[in-house]
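Here's the structure, in structure tokens; my notes come after.
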Amino acid sequence: MASKYININLKIWRQKNANSKGEMKTYKLDQVSTDSSFLEMLDQLNEQLINNREEPVAFDHDCREGICGMCSLYINGRAHGPDNAITTCQLHMRKFKDGDTIYVEPWRAKAFPVIKDLVVDRSAFDRIQQAGGFVSVNTSGRTMDANAIPIAKIDADKAFEAAICIGCGACVASCKNASAMLFVSAKVSQLALLPQGKVEAKERVMNMVRQMDEEGFGNCTNTGACSVECPKEISLDNIARMNREYMKAMVTAE
Amino acid sequence: MSVLDSKIPEGHISQKWTDYKNHLKLVAPNNRPKIDVIVVGTGLAGASAAASLGEMGYNVKAFCFQDSPRRAHSIAAQGGINAAKNYQNDGDSIFRLFYDTIKGGDYRAREANVHRLAEVSGNIIDQCVAQGVPFAREYGGLLDNRSFGGTQVQRTFYAAGQTGQQLLLGAYSAISRQIGLGRVKMYNRHEMLDIVKVDGKARGIIARNLITGAIERHSGHAVIIATGGYGNVYFLSTNAMGSNVTAAWKIHKQGAYFANPCYVQIHPTCIPVHGTNQSKLTLMSESLRNSGRIWVPKKKEDAEAIRAGKMKPTQIAEEDRDYYLERRYPAFGNLVPRDVASRAAKERCDAGFGIEANDTNEGVYLDFSSEIKSKGKQAAYAQGIHNATEEQIIALGKKWVEEKYGNLFQMYEKITDENPYELPMKIYPAVHYTMGGVWVDYNLQSTIPGCFVAGEANFSDHGANRLGASALMQGLADGYFVLPYTVSDYLANEIRTGQIPTNTPEFDEAEKRVKDTINQFLNNNGSRSVDHFHKKLGLIMWNKVGMGRNEQGLKEAIAEIDQLRAEFYKDVYVPGSADELNPELEKALRVADFMELGQLMAMDALQRKESCGGHFREEYQDAEGETLRDDENFKFVGAWEYKGSDINQSQLHKEELNYEFIKIAARNYK
Ligand SMILES: Cc1cc2nc3c(=O)[nH]c(=O)nc-3n(C[C@H](O)[C@H](O)[C@H](O)COP(=O)(O)OP(=O)(O)OC[C@H]3O[C@@H](n4cnc5c(N)ncnc54)[C@H](O)[C@@H]3O)c2cc1C
Ligand code: SF4
Ligand code: FES
């Protein structure tokens, strides 16, 4: 890994808190190693700001390896920045050139209000899960043996591919309608594909969709930007499956 | 007798838990809603505990510092979870899992706890499948398994390289259901900063709302701490950035003993360090050792040529490669336990055979080319291609590898910009897991009555070294299958207590402690960032309390940390205010606790004049460089009592370990 160093300009959204107006601010940052991750670059900026007695930039992050779903930046007009199938924390500075100007903004959606700078409130996602994103089985352990119901590998694999959603919200941020369909459909699909989840599939999809609408997410108009920007490449098939599940539930609703 | 009563029940090991459980006190369903339980941390251990207690009907308040329980550090676990199901019919059993875990822990864990863990392991898999966790399956529709280090059976269940994610999302769905039903109240973006004791019992916590900065009082009849491990004391580790010791340390300061702090697991397969701005290290799952072979060049000049970029690993002939694990440990080969694999890598790099061109030349290869060929051949046969070409075989083999490990390979490529399907991965050991933690008895109760500790935060099951895929198992065992019983037993005496008021002097005092510390940092007006000090601490820890330790280094570490701590309080600069989202303040509060912990870790390592598991004292090794335990003098759990801010005054208590059912022997993986 031969490191190189680049100098960059940053335009970053600064906003004191939920009630104040925000604005883009410009920063210069020199000597950024191209082996650094994007967030390590922001650490470096913050170190510089702290040393200059300015307030560091607040941003969400935790695992820094693309799995917790905490990081959430809109970089140069793209959710999670200029690379495919990665989160912001997996983006590396080798994707940028010396002298680049990089725009960094928070997710923008009515259902994701800004808390501070680049940090947004995604608790709407939790409430959707609480409305139905589960199998109603108690944790007694007195269930049947794990191998009692064989599950076709293809279904298990499809369920898994839906289940790897990290709840980051990039799909919402990339959608011109700020729709949460990809996120919701991933959970609905995972559980609808497994025998354990089928039992309450109908209530689940109805409840999750109702909560999604209440949270103020927009409608899905099938533009597909969500799936393109999704770091886990969650497929649009899940939306189609959820629509089918929803229609089925509506038709058979008492 | 020691002041530590482990409360291990009488009876045969295989009956202890069943008999004990049958005699624990219960709380009747109509009384449960009168009782409040606080659960701090909603990773695997905390979310499973909170969901279970909520289902039972207790009023649960759960806390986490992330914006959602779904983001706890457990999410990052990759490789798998163990369970003694014996689905592969390769001779596994509860006893064997129990035995492997005790042996893997280098005979420094409690028999009774570990046996219980093995007993409930099967139920965990049943439970997770019932919740809709999409484990990997075979074509016949049944669950698939793989092997992990330190075992000779296939008992590890997995979901590609995202097992922790899928298990945590399962537990998250269970806790979400209870939140939706109003039985668990969830406090996201809240950090516990102290515990409140009334008449000696745990009665509540002080938490900071990380968005508004408000300092809040929460009361409960019991407090469960499930806040994860303390690997971030080293600054660089595979842990998430926010992982911290604060909750565990705060209860330690209020009377909970801290056990075996020096037992740290350094994981053999992580991506090597690349630069000074690096913020964390990334694990490449141990499951890769099922398929990858670890080697360094046999000749020093080859290693030098590689480091200088003049040679590629693929140019080194088979006979010039040193597969040092296979050479030294033929029985277990690449699947020796983590501590053994890590030290072996260090040994080769210290001897000059490292292949990474970083400051320390630290790196070895993890090579998949043999596996790609053999799996490719198998796949060709399975598809009826009998005279497959070399290219066909390699293409099929790569496909197989991608299906098994695709996300790990992608992760590796994103970080290093190298394609691991073509070139061997470069790896090196990194801090990963902490076996030490808050001392708990068989009920998982700390030395503070009413304060229970679960998951990585306690010390209970892994002795001096944890086997792969056993932390997920332990977290869920604690939360789903142990705490619901033992906490109920404790709460049976609380049904008449009534709600605990928060306007009492005890809460005033705890809140004052928290506010004073916050103000001290914000008014400090020093000149250096928190990270500056954290990195310094990390270096001391890595160099002197890391993979190899010795008396002199440990003594130096203790003194250096003392000094660093003084400097930290004098010169740290924390911008911003108390009543807003302030990540620098959060970090400062955490690093303050890491400083004290780091010193205790060094003291613990110094007192333990033997090598065992992850604790390697250079003075105590055999002729072949293997750990040399001293069972006569050190077969105990070292539990430290806090004695004021001068950590040097901390007092060591010993809990003697008794092996009734397993014959204690030297660990041998040869
Ligand atoms: C990269 C990686 C891979 C791993 N792979 C495996 C594997 O394949 N198999 C395996 O068995 N183990 C694995 N492990 C280990 C395992 O993941 C962890 O030991 C385990 O998940 C810890 O779970 P936990 O519930 O104890 O804590 P965590 O999951 O760390 O959760 C801690 C919780 O506490 C909260 N918290 C912490 N401090 C506070 C505070 N002061 N106030 C409020 N809340 C707080 C956090 O918000 C979080 O909710 C891996 C670990 C790592 C780092
Ligand atoms: S669907 Fe993709 S983009 Fe949306 S939350 Fe899940 S992982 Fe993120
Ligand atoms: S920080 Fe966890 S996904 Fe980016």
Looking across region A:142-156 at residues that are touching a residue at least 24 places away in the same chain (Cβ under 8 Å) and within 32 Å of the chain's Cα centre (by Cα), the single one that is farthest from the other protein chains (Cβ to nearest Cβ) is A:Asp155
Item to complete: Answer yes or no: is there a residue in region B:364-381 that is of a type in the set (Phe, Trp, Tyr) and within 32 Å of the chain's Cα centre (by Cα).
Response: yes
Residues in region A:1-16 that are at pLDDT below 95 and of a type in the set (S, T, N, Q) total 1
Restricted to region A:9-21 and to residues being within 14 Å of chain B (Cβ to nearest Cβ) and more than 22 Å from the chain's Cα centre (by Cα), the residue surrounded by the most Cβ atoms within 10 Å (Cβ to Cβ) is A:Lys16
**Asked** Within the bounds of region A:125-141, is there any residue that is of a type in the set (Asp, Glu), at the interface with chain B (Cβ under 7 Å from one of its Cβ atoms) and within 16 Å of ligand 2 (Cβ to nearest atom)?
**Response** yes
Filtering region A:72-100 down to residues that are more than 7 Å from chain B (Cβ to nearest Cβ), under 13 Å from the mean Cα position of the chain (by Cα) and under 21 Å from B:Met284 (Cα atoms) yields A:Ala85, A:Thr87, A:Thr88, A:Cys89
Here the residues within region B:596-621 that are within 16 Å of B:Asp562 (Cβ to Cβ) and among the aromatic types (Phe, Trp, Tyr) are none
Of the residues in region A:165-191, those that are out of contact with any Asp or Glu (no Cβ under 9 Å at 6 or more places or on another chain) and either in the same structural domain as A:Thr87 (by TED's automatic domain parsing) or within 16 Å of ligand 1 (Cβ to nearest atom) (or both) come to A:Ile166
Being within 16 Å of ligand 3 (Cβ to nearest atom), touching a Gly at 6+ places or on another chain (Cβ under 8 Å) and either modelled with pLDDT under 95 or under 16 Å from B:Phe481 (Cα atoms) (or both) narrows B:Gln66, B:Gln78 down to just B:Gln78
Apart from one, (1) within 13 Å of ligand 3 (Cβ to nearest atom); (2) surrounded by fewer than 20 Cβ atoms within 10 Å (Cβ to Cβ) all hold for A:Leu49; the odd one out is (1)
B:Trp295: passes all of (1) more than 11 Å from chain A (Cβ to nearest Cβ); (2) in contact with a Lys or Arg (Cβ under 8 Å, 6 or more places away or on another chain); (3) closer than 30 Å to A:Asp62 by Cα but (3)
A:Leu45 passes all but one of the listed conditions (1) at pLDDT below 95; (2) away from ligand 1 (no atom under 16 Å from the Cβ); the exception is number (1)
Among the residues of region B:144-203, the number that are away from every other protein chain (no Cβ under 14 Å) and among the acidic types (Asp, Glu) is 2
The condition of being among the β-branched types (Val, Ile, Thr), within 22 Å of B:Tyr257 (Cα to Cα) and assigned to a helix (DSSP H, G or I) holds, among B:Val482, B:Val440, only for B:Val482
Hey, does region B:65-80 have a residue that's more than 14 Å from ligand 1 (Cβ to nearest atom), within 13 Å of chain A (Cβ to nearest Cβ) and under 19 Å from B:Val129 (Cβ atoms)? no
Being within 16 Å of ligand 3 (Cβ to nearest atom), at positive phi and assigned to a loop (DSSP other than H, G, I, E, B) narrows A:Gly167, A:Gly141 down to just A:Gly167
A careful count of residues in region B:383-420 that are surrounded by 15 or more Cβ atoms within 10 Å (Cβ to Cβ) and touching a residue at least 24 places away in the same chain (Cβ under 8 Å) gives 13
May I ask you to verify whether B:Ile306 is without any contact (Cβ under 8 Å) to a residue 40 or more places away in the chain and not assigned by TED's automatic domain parsing to the domain that holds B:Ala454? no
B:Ser121 passes all but one of the listed conditions (1) within 23 Å of B:Gly161 (Cβ to Cβ); (2) more than 13 Å from every other protein chain (Cβ to nearest Cβ); the exception is number (2)
| message | I'd like to know if region B:468-481 contains one or more residues that are more than 15 Å from the chain's Cα centre (by Cα), surrounded by fewer than 17 Cβ atoms within 10 Å (Cβ to Cβ) and either of a type in the set (Lys, Arg) or assigned by TED's automatic domain parsing to the domain that holds B:Leu97 (or both). | response | no
The helices (runs of 4 or more DSSP H) lying entirely within region B:504-582 that contain at least 2 residues which are within 25 Å of B:Cys612 (Cβ to Cβ) are B:530-544, B:551-571
Going through region B:260-298 in order, the residues found to be closer than 18 Å to B:Thr416 by Cβ, of a type outside the set (A, V, I, L, M, F, W, C) and in a strand (DSSP E or B) are B:His267, B:Pro268, B:Thr269
Cβ pairs under 6 Å, 6+ apart or interchain, first in region B:452-473 and among the charged types (D, E, K, R), second away from ligand 3 (no atom under 16 Å from the Cβ) and not in a loop (DSSP other than H, G, I, E, B), ordered by first then second residue, are B:Asp461/B:Asn113; B:Asp461/B:Val114; B:Asp461/B:Leu117; B:Asp461/B:Gln474; B:Arg466/B:Gln265; B:Arg466/B:Tyr433
Restricting region A:224-252 to residues that are closer than 29 Å to A:Leu73 by Cα and small (Gly, Ala, Ser), the one nearest to ligand 3 (Cβ to nearest atom) turns out to be A:Ser227
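Rundown of residues vs (1) within 16 Å of ligand 3 (Cβ to nearest atom); (2) more than 14 Å from chain A (Cβ to nearest Cβ); (3) in contact with a Phe, Trp or Tyr (Cβ under 9 Å, 6 or more places away or on another chain), yes/no style:
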| residue | (1), (2), (3) |
| --- | --- |
| B:Tyr381 | no, yes, no |
| B:Lys398 | no, yes, yes |
| B:Pro424 | no, yes, yes |
| B:Val438 | no, yes, yes |
| B:Gly450 | no, yes, yes |
| B:Met473 | no, no, no |
* Would you be able to say whether some residue in region B:618-626 is in contact (Cβ under 8 Å) with a residue 60 or more places away in the chain and either surrounded by 21 or more Cβ atoms within 10 Å (Cβ to Cβ) or outside the structural domain of B:Thr517 (by TED's automatic domain parsing) (or both)? => no
- Just a yes or no: is a residue in region B:81-102 within 9 Å of ligand 1 (Cβ to nearest atom) and outside any helix (DSSP H, G or I)? yes
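The values are calculated or read from the model by the stated rules, or taken from the named source; none is laboratory data. Quick caveat, the model's predicted, so the values are computed rather than measured. As a convention, Cβ positions derive from the backbone with ideal geometry for all residues, glycine included, and neighbour counts pool all protein chains shown.
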